[in-house]
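Here the structure is laid out as structure tokens; the discussion comes afterwards.
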């Protein structure tokens with residue numbers, strides 16, 4: 001698989017130290033389109049809809065903010081903590097700036113949890129990009145399904 | 001066979017040679033084009049004149065001259081903290097600056113020092129207080145858990161060995177490269193300690209998942225380690241009035257209020273009425289409670305109101321419950337609308353906005369509400 005000039009540019013921005021210190025690709029040796037393709041296949045296999053996942057994660061982000069920095073229980077099942085930092089992060093695909101907001105979401109029933117940011121959410125919804133394996137903010141399709149109970 | 005291969009070898013050698021020459025030319029051009037030579041920076045209309053080497057961002061150029069502008073992201077252009085007024089013409093705002101500046105700031109020629117490159121003589125304006133900011137070499141004196149996700153860190157100052165700051169101000173912690181993090185980073189943390197403790201400074205660091213600074217402190221920093229800080233920074237400090245102080249914090253937001261309140265005690269300034277609302281989720285997230293209960297005994301006008309938003313049955317909690325804004329709302333009502341009040345807040349932008357709204361609802365003037373809006 002060869003990268004297009006645009007994909008090369010995006011992959012460059014995803015390297016550690018360009019937008020975020022850790023980057024977006026982790027230890028993943030696969031190329032960007034392959035990472036996206038494999039995750040799309042996995043999401044389809046799990047019958048997990050991208051828009052639905054995005055909608056639910058966005059709701060937790062919005063509701064979690066009501067905890068004012070402290071964890072808050074939503075629907076008696078999910079423990080959500082939203083941390084906000086000063087500033088914005090640009091999307092590596094070049095479409096928009098996102099507040100530095102980190103969400104820690106835990107399903108209290110099965111003890112499964114995940115961490116995402118406002119930018120992660122945008123990458124998921126708009127680019128079907130869940131980040132490379134080994135990236136701190138990588139969202140595994142299976143974990144998404146388990147935590148969100150979709 | 002050889003006669004067939006020779007032209008290909010020659011061609012490869014020629015292409016290789018051309019590539020080397022081109023690379024050399026590019027390198028020479030780059031050196032010439034990016035050599036800005038010596039450049040002058042005039043600060044505050046002649047208050048300070050610097051002679052510097054051009055070509056680097058204004059933020060790091062000033063830092064090399066020991067002038068430290070506040071920066072929460074360490075120059076990556078994401079926090080918008082390193083604002084300064086550039087009075088000489090350096091061209092239009094860059095696309096990386098615009099999202100972090102208001103229209104009014106852009107009209108005022110406010111720029112992000114981390115994005116502006118020093119290419120020619122410059123005139124800038126910065127607050128005079130920034131001249132007092134210094135870099136300190138320190139050693140970790142103690143590092144202990146105060147809750148499951150907050151560490152109390154004390155640093156002994158090695159060079160310079162003492163510091164002067166206002167209670168409520170903050171320091172930039174310089175996080176060295178570690179693990180996959182290849183560059184230095186800076187993050188802002190409020191002083192926990194009081195200004196009277198001049199040789200040692202304390203901080204509260206709450207773990208943020210994936211956070212560069214907080215992960216370093218929680219997973220890598222040990223007693224005896226060397227550590228650098230840049231301080232003091234910030235406009236959050238006690239205003240000397242008689243108004244009732246309404247202090248609100250949660251988690252590591254405890255730090256500046258702890259510093260302010262114990263500074264008042266150390267100075268014998270305990271005539272004011274103070275209400276300190278501290279929010280947590282369960283009892284295990286509370287800390288320093290005994291310390292503040294002791295303070296209540298010594299300071300009749302001081303009231304500590306911890307509140308839990310989701311107490312567990314085993315907490316056997318009999319104190320206030322609910323979000324800290326709800327508790328604040330209930331108490332302000334009791335304090336009466338006619339008495340002058342000031343707000344002192346520390347927390348996330350969301351928490352601060354919510355508290356400001358509650359205070360404004362109860363006629364606390366917005367200009368009397370003080371905070372540093374960072375996580």
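Checking the stated criteria, residue B:202 turns out to be within 16 Å of residue B:144 (Cα to Cα), more than 14 Å from every other protein chain (Cβ to nearest Cβ) and touching a strand residue (DSSP E or B) at 6+ places or on another chain (Cβ under 7 Å). Put simply, of B:251, B:268 the only residue that is without any contact (Cβ under 8 Å) to a residue 24 or more places away in the chain and either over 28 Å from residue A:15 (Cβ atoms) or over 14 Å from the mean Cα position of the chain (by Cα) (or both) is B:268.
The set of residues in the range B:357-375 being assigned to a helix (DSSP H, G or I) and crowded, with 19+ Cβ neighbours inside 10 Å consists of B:358, B:359. Test residue B:298 against the stated conditions and say whether it is surrounded by fewer than 20 Cβ atoms within 10 Å (Cβ to Cβ) and in contact with a helix residue (DSSP H, G or I) (Cβ under 8 Å, 6 or more places away or on another chain). In short, yes. When the criteria are applied in full, residue B:286 meets the requirement of being surrounded by 16 or more Cβ atoms within 10 Å (Cβ to Cβ), modelled with pLDDT of 95 or more and over 16 Å from the mean Cα position of the chain (by Cα).
Checking B:331, B:371 one by one, the residue that is within 14 Å of chain A (Cβ to nearest Cβ) and touching a residue at least 40 places away in the same chain (Cβ under 8 Å) is B:371 and no other. Going by the conditions given, is residue B:112 over 18 Å from residue B:42 (Cα atoms), touching a strand residue (DSSP E or B) at 6+ places or on another chain (Cβ under 9 Å) and within 14 Å of chain A (Cβ to nearest Cβ)? No. If you take the residues in the range A:78-88 that are out of contact with any helix residue (DSSP H, G or I) (no Cβ under 8 Å at 6 or more places or on another chain) and closer than 17 Å to residue B:285 by Cβ, which one is surrounded by the most Cβ atoms within 10 Å (Cβ to Cβ)? Checked the range A:78-88; the qualifying residue surrounded by the most Cβ atoms within 10 Å (Cβ to Cβ) is A:83.
Checked against the criterion of being outside any helix (DSSP H, G or I), within 14 Å of chain B (Cβ to nearest Cβ) and out of contact with any strand residue (DSSP E or B) (no Cβ under 7 Å at 6 or more places or on another chain), the candidates A:27, A:83 yield just one match: A:27. Could you list, in sequence order, all residues of the range B:168-183 that are more than 14 Å from residue B:214 (Cα to Cα) and surrounded by 14 or more Cβ atoms within 10 Å (Cβ to Cβ)? The answer is B:168, B:169, B:170, B:171, B:180, B:183. Identify all residues within the range A:41-77 that are touching a residue at least 12 places away in the same chain (Cβ under 8 Å), part of a loop (DSSP other than H, G, I, E, B), at negative phi and touching a helix residue (DSSP H, G or I) at 6+ places or on another chain (Cβ under 9 Å); write none if there are none. Listed by number, the residues that qualify are A:46, A:48, A:49, A:71.
Just a yes or no: is a residue in the range A:123-130 surrounded by 16 or more Cβ atoms within 10 Å (Cβ to Cβ) and either part of a loop (DSSP other than H, G, I, E, B) or within 11 Å of chain B (Cβ to nearest Cβ) (or both)? Scanning the range A:123-130 turns up at least one residue that is surrounded by 16 or more Cβ atoms within 10 Å (Cβ to Cβ) and either part of a loop (DSSP other than H, G, I, E, B) or within 11 Å of chain B (Cβ to nearest Cβ) (or both).
For the range B:331-352, give me each residue that is in a helix (DSSP H, G or I) and surrounded by 16 or more Cβ atoms within 10 Å (Cβ to Cβ). Across the range B:331-352, the qualifying residues are B:331, B:332, B:349, B:350, B:351, B:352. Look at (1) surrounded by 18 or more Cβ atoms within 10 Å (Cβ to Cβ); (2) within 15 Å of the chain's Cα centre (by Cα); (3) within 30 Å of residue B:76 (Cα to Cα); (4) within 14 Å of another protein chain (Cβ to nearest Cβ) and you find that residue A:98 fails only one, number (1).
Of all the numbered requirements in (1) assigned to a loop (DSSP other than H, G, I, E, B); (2) over 16 Å from residue B:72 (Cβ atoms), residue B:208 misses one, and that requirement is (2). Taking the range B:212-325 and the strands (runs of 3 or more DSSP E) fully enclosed by it, the elements with 3 or more residues that are within 14 Å of chain A (Cβ to nearest Cβ) are at B:244-250, B:274-280, B:302-308.
The values are calculated or read from the model by the stated rules, or taken from the named source; none is laboratory data. Predicted, not measured: the structure shown is a model, and the values here were computed from it. Neighbour counts are summed over all protein chains in view; Cβ atoms, including those assigned to glycine, are modelled from backbone coordinates with ideal geometry.
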